[in-house]
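Below is one structure; the comments refer to it alone.
The values are calculated or read from the model by the stated rules, or taken from the named source; none is laboratory data. Quantities reported herein were computed from a predicted structural model and do not represent experimental measurements. Cβ placement follows ideal geometry from the backbone for every residue including glycine, while neighbour counts extend to all protein chains displayed. These accessible areas exclude ligands, DNA and RNA; they are computed on the full protein's heavy atoms, side chains included. Shrake-Rupley method; radii C 1.70, N 1.55, O 1.52, S 1.80 Å.
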Amino acid sequence: MIAEREPSSARGPLPEPTPGLRDLEPFRQGKSEISGQMNPIKLSANESHHGPSPAAAEAYRRCAAELFRYPDGAQVELRRAIADTFGLRVEGIVCGNGSDELLQLLIRAYVRPGDDVVLSRNSFAMAYVHATAQGARLVHAEEPQLRPDTDRLLQAVTPRTRIVILASPNNPVGQYLPGTELWRLRRSLPAEVILIVDAAYADYVVADDFESGRSLVEAGSNTVMTRTFSKLYGLAGLRIGWMYGPGNIVYAVTRIRTPFSASAAAMAAAAAAVRDVRYSQWVRDYNNRELQRIAGAVRTLGGGVEFVPSFANFYLLRFVDGSHTPDGAAAALEHNGIIPRPVGAGGPQDCLRVTVGLSHENDAVLQVLAEYMAA
């Protein structure tokens, strides 16, 4: 069991961790078990219920005979596969142990104790953890319309700001900052401030005004886009992600990157997954159809619950009439073997997040929800 509290000692003083660690809570995964329930429907983590591409699974299996070898520290095949698929500069791509590791490397490379890091309110929780551990002062920019807000982000910037981080689409809401606003943010930030666009859910977005961050990276020397294979590509268990950045930032990150943090099996599976464009398009289309279907079904339940529009592989249910609550809905779902994700402190209030599952799993959610709202 991993310790969540600092142990006391009667034998004298303990080694002192860095000051910021005392204020940090460990990251809590989405719940995965229900007491007394066999094989619950887990919709508490934004995993792809379709699993990975068959090509990715086969590439993973082929690695079994080579497990005694170190992975390619230069990540050549995966970087080339990403570059070919998305039309990117291969030299601007760095892969890592999830986009989580890359965010950590960026913060380590550019943030000194006492510097400011600006976070849009619904950004990846680990960005907060890494910046705090680095000794930064965290400044949160609120999201009054449930999506990153350019004016709020700019108002949060100080002369000490080194990095601005926003998730687009964000979590737990699923909203993105339109491209024109993202460009306005970049042009209004000081040139020495790095803008990190955490685009973990970008693969799901089909919208004319969406900008993943790619064009901003290619237009200057101060923007980075981070991506992941954990969502649409179904490789969450392998922990593999990537970033796209200008040469100066790639240079800094690769100076401190652990050369073998991305495993051979993860890189092989990811390379095959990103090249299987037909499969990823099918997953994207399925997810978006289900989102539309779920939204329509929730609207038939009356005014007590609202579906918050999402461009990711999850959605928020907002309970607005006072007689029905997120806790009550979560209890009803769990009683029926379905695990949602309560929205913690700092997120939108009166909401419950649910991952988009397979059609029959989504049907089960809607049936329980209808029964709960009718009670």
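Side notes on the structure shown:
- Cα centroid separation - region 45-109 against region 207-280, whole Å: 7
- Each of 56, 73, 102 was scored by the projection of its Cα onto the charge dipole of region 39-114, and the greatest displacement toward the positive side belongs to 102; charges sit on the C-beta of Lys, Arg, Asp and Glu.
- Placing dummy labels 7 Å off each Cα toward the beta-carbon, the span from residue 323 to residue 38 is 3.8 nm.
- Computed over region 1-130, Kirkwood Rh from alpha-carbon pairs, angstrom: 19.8
- Calculated accessible area for the chain comes out at 47 Å² per residue, all protein chains present (probe 1.4 Å; ligands, DNA, RNA ignored).
- Check: the chain dipole with +1 on Lys, Arg Cβ and -1 on Asp, Glu Cβ, in debye: 860
- Of all the options 24, 185, 102, the one that moves most in a Gaussian network model of the chain with Cα springs shorter than 10 angstrom is 24.
- Solvent-free Debye scattering, log10 I(q)/I(0), computed from the Cα coordinates of region 73-216 at q = 0.13, 0.21 Å⁻¹: -0.57, -1.40
- For the pair residue 160 and residue 69, the difference between a 0.36 nm per residue extended length and the Cα-Cα distance amounts to 28.3 nm.
- For the chain, modelled as a GNM whose springs connect Cα atoms under 10 angstrom apart, the maximal fluctuation among 295, 266, 191 occurs at 191.
- Fraction of C-alpha pairs exceeding 14 angstrom in region 320-375: 54 percent, rounded to a whole number.
- Relative contact order computed over region 230-370 (Cα-Cα under 8 Å; 6+ residues apart), in percent: 18
- Between residue 260 and residue 142, the contour length at 0.36 nm per residue exceeds the Cα-Cα span by 38.8 nm.
- Ellipticity at 222 nm from helices only: DSSP H runs of n ≥ 4 in the chain, each -39500 (n - 2.57), divided by the residue count, give -11000 deg cm²/dmol.
- GNM result for the chain, Cα springs below 10 Å: residue of 85, 226, 150 fluctuating most strongly: 85
- Hydrodynamic analysis of the chain uses the Kirkwood radius over alpha carbon pairs. Inserted into Stokes-Einstein at 20 °C and 1.002 mPa s, it gives a translational diffusion coefficient of 98 µm²/s.
- Accessible carbon and sulfur surface of region 216-297 relative to its total accessible area, %, 1.4 Å: 55
- Percent antiparallel among DSSP beta bridges (both partners in the chain, rounded to 5): 50
- Remark on residue 141: its backbone amide H falls under 5 Å from those of 119, 120, 121, a criterion applied only to residues 5 or more positions apart or on other chains, H modelled at 1.01 Å from N.
- Three semi-axes of the equivalent ellipsoid, region 154-202, Cα gyration tensor, whole Å, largest first: 20, 12, 9
- Cα→Cβ-extended label distance, 7 Å offset, between residue 284 and residue 25, nm: 3.6
- Using only side-chain charges placed at the Cβ, +1 for Lys and Arg and -1 for Asp and Glu, the dipole size of region 1-128 relative to its Cα centre rounds to 140 debye.
- Per DSSP, loop GluC sites (Glu not before Pro) in region 163-219 with at most 10 further Cβ within 10 Å: 192
- Whole-angstrom gap from region 127-146 to region 151-196, using each part's C-alpha centre: 12
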